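Written below as structure tokens is the structure these notes are about.
The values are calculated or read from the model by the stated rules, or taken from the named source; none is laboratory data. Please read these numbers as outputs of a predicted model, since none were measured by experiment. No Cβ is skipped: glycine too gets one built from the backbone with ideal geometry, and neighbour counts run over all protein chains shown.
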Amino acid sequence: MDVKAAVAHKAGAPLTIETVTLDGPREGEVLVEIKASGLCHTDAFTLSGEDPEGIFPAILGHEGAGVVVDVGPGVTSLKKGDHVIPLYTPECRQCDYCTSGKTNLCQAIRETQGQGLMPDGSSRFKINGEKVFHYMGCSTFANYTVVPEIALAKIREDAPFDKVCYIGCGVTTGIGAVINTAKVKPGDNVVVFGLGGIGLNVIQGARLAGADMIVGVDLNPARKDLGEKFGMTHFVNPNEVEGDLVPYLVDLTKGGADYSFECIGNVNVMRQALECCHKGWGESIIIGVAGAGQEISTRPFQLVTGRVWKGTAFGGAKGRTDVPKIVDWYMDGKINIDDLITHVMPVEKINEGFDLMHEGKSIRSVVTF
Ligand code: NAD
Ligand code: AHE
Ligand code: ZN
């Protein structure tokens, strides 16, 4: 079938809206009509050419929601008409990772996913007979996409697509990092670096978990009001701090953060996030994705004296199990998504959405089809 997609032809170039040929679903695959998709910083990161797994031409997008229109042979858990959110971290419930009880990083299809291909090693997308790659197993910047059954969370049918698409990455990543990875407890002090689409969800996760101080750190002063709306108790703009940021934050939190979160992708900030943690027990969670060749460093003494460095992907969430519950939290008014979706636009204006992100003017832009 012919589909409408925003195609990334090469690193650094704007996306182009084109008609792309999409083959139907094969064994274990599902054809999904995408109704809405959020623009995550990771899409911009891959488009920039900084992603070691970046491959072109590709159809980016990994924060979508839509409706099942067809299923391939062997698909048992989904049927035509089901509402779904594609998962870049699938949940096969059978691989060693899924059954370990220790991680959400299902590895059933990770290798082909990183190569921009479906699990059988081929692509469903073509332009004039030439292969176009999938992205993160989702490719939600198209009005139709094909996704493996194990990479789709079935959600309730009354949830609005243009809001719950954000649960496909940003909401789950931020809230999940607090609840699943850090396991923040009531009374803990938390420091969040970067108050964008991820960091503001870390803040609302910390408030849900009952954290005491929730310190937000961002260079953009416009993030203060929104941070406070989501539960931030203190705002720190590094440009306004006299002297070093780390001792300032240790002093502010009376000894250091119980938990810190890096939500930027800046390796220098990752070091600050670790070093502002409390001696003896403070844990720093890396969420931000850093470019090819970049490395983190600190004095080993920071770890010898009890600070812990961790990372998290998709907030440690098991998507088919956890995403429908997070949709319920939204529908029950327990979490706020609406105030983070600052812009909604037709897919034809997707490049304007990326411009808003780079200018610091949006939290989340959502494109509709
Ligand atoms: P975003 O652009 O919306 O937000 C980034 C924020 O960081 C902005 O508010 C910006 O002003 C602030 N910032 C930039 N440099 C700063 C600095 N030096 N000090 C303080 N603040 C600074 O991005 P996002 O969509 O929230 O994504 C954040 C990061 O998380 C990206 O690296 C993205 O790739 C990554 N991410 C990771 C996962 C995961 O599963 N680990 C999931 C989603 C996104
Ligand atoms: N491809 C990059 C890494 C990108 C990355 O870390 N992605 C996160 C999700 S970011 C969503 O916005 C992730 O899930 N990582 C685990 C995984 O298996 O990819 C690189 O450096 O190669
Ligand atoms: Zn993302």
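The set of residues in segment 104-137 being within 16 Å of ligand 1 (Cβ to nearest atom), surrounded by 15 or more Cβ atoms within 10 Å (Cβ to Cβ) and in contact (Cβ under 8 Å) with a residue 40 or more places away in the chain consists of Asn104, Leu105, Cys106, Tyr135, Met136, Gly137.
I need the full set of residues from segment 270-289 which are aliphatic (A, V, I, L, M) and in contact (Cβ under 8 Å) with a residue 60 or more places away in the chain, in order please.
Step one: of segment 270-289, the residues aliphatic (A, V, I, L, M) are 270, 273-274, 285-287, 289.
Once the filter is applied, which keeps residues that are aliphatic (A, V, I, L, M) and in contact (Cβ under 8 Å) with a residue 60 or more places away in the chain, segment 270-289 yields Ala273, Ile285, Ile287, Val289.
Being surrounded by fewer than 22 Cβ atoms within 10 Å (Cβ to Cβ), closer than 18 Å to Ile363 by Cα, assigned by TED's automatic domain parsing to the domain that holds Ala182 and polar (S, T, N, Q) is the requirement here; does Asn220 meet it? Considered against the rule, which asks whether it is surrounded by fewer than 22 Cβ atoms within 10 Å (Cβ to Cβ), closer than 18 Å to Ile363 by Cα, assigned by TED's automatic domain parsing to the domain that holds Ala182 and polar (S, T, N, Q), Asn220 comes out as yes.
Filtering segment 72-85 to residues that are in contact with a helix residue (DSSP H, G or I) (Cβ under 6 Å, 6 or more places away or on another chain) and either closer than 15 Å to Val323 by Cα or within 16 Å of ligand 2 (Cβ to nearest atom) (or both) leaves only Ile85.
Tyr97 passes every criterion in (1) surrounded by fewer than 19 Cβ atoms within 10 Å (Cβ to Cβ); (2) in contact with a Cys (Cβ under 6 Å, 6 or more places away or on another chain); (3) assigned to a loop (DSSP other than H, G, I, E, B) apart from (3).
Residues of segment 301-321 that are within 16 Å of ligand 3 (Cβ to nearest atom) and out of contact with any strand residue (DSSP E or B) (no Cβ under 7 Å at 6 or more places or on another chain): Ala313, Phe314, Gly315, Gly316, Ala317.
Among the residues of segment 16-35, is any in a loop (DSSP other than H, G, I, E, B) and either of a type in the set (Val, Ile, Thr) or within 16 Å of ligand 2 (Cβ to nearest atom) (or both)? Checked segment 16-35: no residue is in a loop (DSSP other than H, G, I, E, B) and either of a type in the set (Val, Ile, Thr) or within 16 Å of ligand 2 (Cβ to nearest atom) (or both).
Taking segment 7-24 as the range and being more than 14 Å from Phe133 (Cα to Cα) and out of contact with any strand residue (DSSP E or B) (no Cβ under 8 Å at 6 or more places or on another chain) as the test, the residues that pass are Gly12, Ala13, Pro14. Where strands (runs of 3 or more DSSP E) fall entirely within segment 267-369, those with at least 2 residues that are within 16 Å of ligand 2 (Cβ to nearest atom) are at 283-286, 308-311, 364-368.
Restricted to segment 37-93, and to residues that are among the small types (Gly, Ala, Ser) and part of a strand (DSSP E or B), which residue is farthest from ligand 3 (Cβ to nearest atom)? Step through it out loud before you land on a result.
In the first step, residues of segment 37-93 are kept if they are among the small types (Gly, Ala, Ser); the result is 37-38, 44, 48-49, 54, 58, 61, 64-66, 72, 74, 77, 81.
Then keep just the ones that are part of a strand (DSSP E or B); that gives 37-38, 58, 64-66.
Values: Ser37: 11, Gly38: 8, Ala58: 15, Gly64: 11, Ala65: 14, Gly66: 17 Å.
Among them, the one singled out is Gly66.
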